[in-house]
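Encoded as C-alpha coordinates, the structure appears first; notes follow it.
The values are calculated or read from the model by the stated rules, or taken from the named source; none is laboratory data. The model shown is predicted, which means the values in this text are computed figures rather than measured ones. Glycine gets a Cβ as well: all are built from the backbone with ideal geometry, and neighbour counts include every protein chain shown. These area figures cover heavy atoms from the full protein model, side chains too; ligands, DNA and RNA do not enter into them. Shrake-Rupley method; radii C 1.70, N 1.55, O 1.52, S 1.80 Å.
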Amino acid sequence: EAFQMVVDGVSPVLIDNVARQAGFAMGPLALMDDIGLENGYRNALMERDLLGEEPVGFALQHTLCAELQRSGRRVGQGIYGYVDGKRVPWKNISEYFPAAAQQPAPLEVKQRLLCIQALEAARCFEEGVVQTAAEGDVGSVLGIGFPAYTGGVFSYIDTMGWPEFVATCDQLADTVAERFRPTA
(Lines give C-alpha, C1' and ligand atoms only; values in the text may rest on other atoms or scores of the structure.)
Protein backbone atom coordinates (compact mmCIF):
# COMPACT_ATOMS: atom_id res chain seq x y z
CA GLU A 1 0.00 0.00 0.00
CA ALA A 2 2.89 2.34 0.74
CA PHE A 3 4.25 1.77 -2.78
CA GLN A 4 0.84 2.58 -4.26
CA MET A 5 0.62 5.77 -2.23
CA VAL A 6 3.89 6.95 -3.82
CA VAL A 7 2.47 6.09 -7.26
CA ASP A 8 -0.62 8.12 -6.27
CA GLY A 9 1.61 11.13 -5.51
CA VAL A 10 1.91 10.89 -1.74
CA SER A 11 5.23 12.02 -0.31
CA PRO A 12 7.42 9.09 0.82
CA VAL A 13 8.49 11.11 3.85
CA LEU A 14 4.84 11.66 4.83
CA ILE A 15 4.11 7.94 4.46
CA ASP A 16 7.07 6.86 6.58
CA ASN A 17 6.53 9.53 9.25
CA VAL A 18 2.85 8.65 9.61
CA ALA A 19 3.73 4.94 9.81
CA ARG A 20 6.14 5.60 12.67
CA GLN A 21 3.55 7.79 14.42
CA ALA A 22 1.04 4.96 13.94
CA GLY A 23 3.33 2.60 15.86
CA PHE A 24 5.37 0.84 13.19
CA ALA A 25 9.02 0.42 14.17
CA MET A 26 10.03 2.16 10.94
CA GLY A 27 8.34 3.40 7.83
CA PRO A 28 7.52 0.78 5.20
CA LEU A 29 9.41 2.58 2.44
CA ALA A 30 12.57 2.95 4.52
CA LEU A 31 12.20 -0.70 5.53
CA MET A 32 11.96 -1.83 1.91
CA ASP A 33 15.04 0.24 1.02
CA ASP A 34 16.90 -1.50 3.86
CA ILE A 35 15.70 -4.98 2.87
CA GLY A 36 16.37 -4.38 -0.81
CA LEU A 37 13.66 -3.41 -3.25
CA GLU A 38 14.70 -6.12 -5.70
CA ASN A 39 13.49 -8.83 -3.29
CA GLY A 40 9.92 -7.53 -3.33
CA TYR A 41 10.14 -6.77 -7.03
CA ARG A 42 10.98 -10.40 -7.86
CA ASN A 43 7.93 -11.49 -5.86
CA ALA A 44 5.78 -8.88 -7.60
CA LEU A 45 6.92 -10.20 -10.99
CA MET A 46 5.91 -13.73 -9.99
CA GLU A 47 2.57 -12.49 -8.66
CA ARG A 48 1.93 -10.60 -11.89
CA ASP A 49 2.75 -13.67 -13.97
CA LEU A 50 0.58 -15.97 -11.83
CA LEU A 51 -2.43 -13.68 -11.53
CA GLY A 52 -2.19 -11.94 -14.87
CA GLU A 53 -2.33 -8.46 -13.37
CA GLU A 54 0.11 -6.11 -11.75
CA PRO A 55 0.02 -6.07 -7.95
CA VAL A 56 -0.70 -2.87 -6.05
CA GLY A 57 2.32 -0.59 -6.18
CA PHE A 58 3.99 -2.52 -9.00
CA ALA A 59 4.69 0.64 -11.03
CA LEU A 60 7.00 1.98 -8.31
CA GLN A 61 8.87 -1.29 -7.94
CA HIS A 62 9.28 -1.68 -11.70
CA THR A 63 10.45 1.88 -12.25
CA LEU A 64 12.96 1.81 -9.41
CA CYS A 65 14.34 -1.69 -9.93
CA ALA A 66 14.09 -2.40 -13.67
CA GLU A 67 14.40 1.06 -15.16
CA LEU A 68 16.53 3.06 -12.71
CA GLN A 69 18.50 0.34 -10.86
CA ARG A 70 17.58 1.98 -7.55
CA SER A 71 17.29 -1.15 -5.46
CA GLY A 72 17.82 0.32 -2.01
CA ARG A 73 20.30 1.22 0.64
CA ARG A 74 22.78 -1.49 -0.36
CA VAL A 75 23.47 0.33 -3.64
CA GLY A 76 23.08 3.79 -2.14
CA GLN A 77 19.82 4.64 -3.87
CA GLY A 78 16.26 3.46 -3.67
CA ILE A 79 13.07 5.22 -2.69
CA TYR A 80 15.42 7.43 -0.72
CA GLY A 81 18.93 8.60 -1.45
CA TYR A 82 21.85 8.02 0.86
CA VAL A 83 24.54 10.56 1.67
CA ASP A 84 27.41 9.38 3.86
CA GLY A 85 25.23 6.43 4.89
CA LYS A 86 22.34 8.65 5.99
CA ARG A 87 18.88 8.37 4.47
CA VAL A 88 17.73 11.54 2.67
CA PRO A 89 14.65 12.25 0.56
CA TRP A 90 15.23 11.61 -3.15
CA LYS A 91 14.27 14.89 -4.76
CA ASN A 92 13.80 13.44 -8.27
CA ILE A 93 11.12 10.92 -7.38
CA SER A 94 8.49 13.44 -8.50
CA GLU A 95 9.87 13.22 -12.06
CA TYR A 96 8.58 9.63 -12.15
CA PHE A 97 5.67 9.87 -9.72
CA PRO A 98 4.44 13.47 -9.57
CA ALA A 99 3.47 14.71 -6.15
CA ALA A 100 -0.25 15.23 -5.70
CA ALA A 101 -1.17 18.90 -5.40
CA GLN A 102 -3.05 18.07 -2.20
CA GLN A 103 -1.35 15.57 0.09
CA PRO A 104 -3.71 13.35 2.08
CA ALA A 105 -4.31 13.99 5.74
CA PRO A 106 -2.13 11.88 8.04
CA LEU A 107 -5.27 10.06 9.24
CA GLU A 108 -5.97 8.79 5.72
CA VAL A 109 -2.38 7.56 5.32
CA LYS A 110 -2.61 5.80 8.69
CA GLN A 111 -5.94 4.21 7.78
CA ARG A 112 -4.60 3.00 4.44
CA LEU A 113 -1.57 1.39 6.10
CA LEU A 114 -3.49 -0.27 8.94
CA CYS A 115 -6.78 -1.16 7.27
CA ILE A 116 -5.30 -2.88 4.22
CA GLN A 117 -3.36 -5.26 6.49
CA ALA A 118 -6.36 -5.91 8.72
CA LEU A 119 -8.54 -6.59 5.67
CA GLU A 120 -6.04 -9.09 4.31
CA ALA A 121 -5.90 -10.79 7.71
CA ALA A 122 -9.71 -11.01 7.74
CA ARG A 123 -9.60 -12.61 4.29
CA CYS A 124 -7.02 -15.09 5.54
CA PHE A 125 -9.31 -15.92 8.46
CA GLU A 126 -12.28 -16.40 6.10
CA GLU A 127 -10.20 -18.75 3.94
CA GLY A 128 -8.96 -20.78 6.91
CA VAL A 129 -5.33 -19.72 6.52
CA VAL A 130 -5.49 -18.17 9.98
CA GLN A 131 -7.34 -20.36 12.46
CA THR A 132 -7.90 -18.00 15.39
CA ALA A 133 -7.88 -14.27 16.04
CA ALA A 134 -5.13 -14.78 18.63
CA GLU A 135 -2.97 -16.52 16.03
CA GLY A 136 -3.52 -13.62 13.64
CA ASP A 137 -2.78 -11.03 16.31
CA VAL A 138 0.48 -12.64 17.41
CA GLY A 139 1.57 -13.30 13.83
CA SER A 140 0.82 -9.74 12.75
CA VAL A 141 2.74 -8.14 15.60
CA LEU A 142 5.72 -10.50 15.67
CA GLY A 143 5.75 -11.49 12.01
CA ILE A 144 4.96 -8.38 9.99
CA GLY A 145 5.55 -5.65 12.55
CA PHE A 146 1.96 -4.49 12.92
CA PRO A 147 1.93 -1.87 15.70
CA ALA A 148 2.11 -3.71 19.03
CA TYR A 149 -0.09 -1.22 20.88
CA THR A 150 -3.04 -2.37 18.74
CA GLY A 151 -2.72 -5.94 19.98
CA GLY A 152 -2.58 -7.16 16.38
CA VAL A 153 -4.77 -6.98 13.30
CA PHE A 154 -7.87 -8.57 14.82
CA SER A 155 -7.60 -6.65 18.08
CA TYR A 156 -7.27 -3.49 15.99
CA ILE A 157 -10.56 -4.30 14.28
CA ASP A 158 -12.23 -5.28 17.57
CA THR A 159 -11.03 -2.14 19.35
CA MET A 160 -12.31 0.06 16.55
CA GLY A 161 -15.50 -2.00 16.42
CA TRP A 162 -16.68 -3.91 13.36
CA PRO A 163 -19.22 -1.29 12.25
CA GLU A 164 -16.62 1.52 12.42
CA PHE A 165 -13.96 -0.62 10.73
CA VAL A 166 -16.30 -1.58 7.89
CA ALA A 167 -17.42 2.04 7.49
CA THR A 168 -13.80 3.23 7.35
CA CYS A 169 -12.91 0.58 4.78
CA ASP A 170 -16.00 1.38 2.70
CA GLN A 171 -15.05 5.05 2.73
CA LEU A 172 -11.52 4.16 1.57
CA ALA A 173 -13.00 1.93 -1.12
CA ASP A 174 -15.15 4.82 -2.33
CA THR A 175 -12.36 7.41 -2.27
CA VAL A 176 -9.12 5.47 -2.84
CA ALA A 177 -9.63 2.05 -4.42
CA GLU A 178 -11.96 -0.93 -4.42
CA ARG A 179 -9.30 -3.08 -2.73
CA PHE A 180 -10.46 -1.56 0.58
CA ARG A 181 -13.99 -2.96 0.21
CA PRO A 182 -14.57 -5.49 3.01
CA THR A 183 -15.90 -8.92 2.16
CA ALA A 184 -19.27 -10.00 3.50
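Across the stretch 149-170, what is the number of residues that are open to solvent by 70 Å² or more (accessible area, probe 1.4 Å) and within 14 Å of Leu114 (Cβ to Cβ)?
So in the stretch 149-170, the residues open to solvent by 70 Å² or more (accessible area, probe 1.4 Å) come out as 149, 158-159, 162-164.
In the following step, the residues that additionally are within 14 Å of Leu114 (Cβ to Cβ) were identified as 149, 158-159, 164.
Summing the residues that are open to solvent by 70 Å² or more (accessible area, probe 1.4 Å) and within 14 Å of Leu114 (Cβ to Cβ) in the stretch 149-170 gives 4.
Okay, residues lined up against (1) farther than 17 Å from Phe24 by Cα; (2) within 17 Å of the chain's Cα centre (by Cα); (3) not hydroxyl-bearing (Ser, Thr, Tyr):
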{"residue": "Gly145", "(1), (2), (3)": "no, yes, yes"}
{"residue": "Gly151", "(1), (2), (3)": "no, no, yes"}
{"residue": "Thr159", "(1), (2), (3)": "yes, no, no"}
{"residue": "Glu164", "(1), (2), (3)": "yes, no, yes"}
{"residue": "Cys169", "(1), (2), (3)": "yes, yes, yes"}
{"residue": "Ala173", "(1), (2), (3)": "yes, yes, yes"}
{"residue": "Arg179", "(1), (2), (3)": "yes, yes, yes"}
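Among the numbered criteria (1) in a loop (DSSP other than H, G, I, E, B); (2) surrounded by 15 or more Cβ atoms within 10 Å (Cβ to Cβ); (3) not hydrophobic (A, V, I, L, M, F, W, C), which one does Gly136 miss?
All conditions are met except number (1).
Take Ala22 and decide whether it is modelled with pLDDT of 95 or more, touching a Pro at 6+ places or on another chain (Cβ under 7 Å), within 22 Å of Ala177 (Cα to Cα) and open to solvent by less than 70 Å² (accessible area, probe 1.4 Å).
Yes: the conditions hold for Ala22.
Show the residue pairs that are 6+ apart or on different chains and have beta-carbon atoms under 6 Å apart, the first residue being within the stretch 25-48 and under 15 Å from Gln4 (Cα atoms) and modelled with pLDDT of 95 or more, the second being open to solvent by 70 Å² or more (accessible area, probe 1.4 Å) and in a helix (DSSP H, G or I).
Close Cβ pairs (under 6 Å, with a partner that is open to solvent by 70 Å² or more (accessible area, probe 1.4 Å) and in a helix (DSSP H, G or I)) amount to Gly27/Arg20.
When the residues of the stretch 95-122 are filtered to those that are part of a helix (DSSP H, G or I) and exposed (fewer than 13 other Cβ atoms within 10 Å of the Cβ), which remaining residue is nearest to the chain's Cα centre (by Cα)? Even if it seems obvious, please write down each step before you answer.
First, pick out the residues of the stretch 95-122 that are part of a helix (DSSP H, G or I): 95-96, 106-122.
Narrowing further to those that are exposed (fewer than 13 other Cβ atoms within 10 Å of the Cβ): 95, 107.
Numbers: Glu95: 22, Leu107: 14 Å.
If we take residues in the stretch 95-122 being part of a helix (DSSP H, G or I) and exposed (fewer than 13 other Cβ atoms within 10 Å of the Cβ), then Leu107 is nearest to the chain's Cα centre (by Cα).
Looking at the structure I just gave you, is Arg74 without any contact (Cβ under 8 Å) to a residue 12 or more places away in the chain, in a helix (DSSP H, G or I) and of a type in the set (Lys, Arg)?
No: the conditions fail for Arg74.
Please work out if Gln102 is among the polar types (S, T, N, Q), closer than 20 Å to Ala19 by Cα and in contact (Cβ under 8 Å) with a residue 40 or more places away in the chain. Lay out the reasoning, then the answer.
Values: among the polar types (S, T, N, Q): yes; closer than 20 Å to Ala19 by Cα: yes; in contact (Cβ under 8 Å) with a residue 40 or more places away in the chain: no.
When the stated conditions are applied, Gln102 does not pass them.
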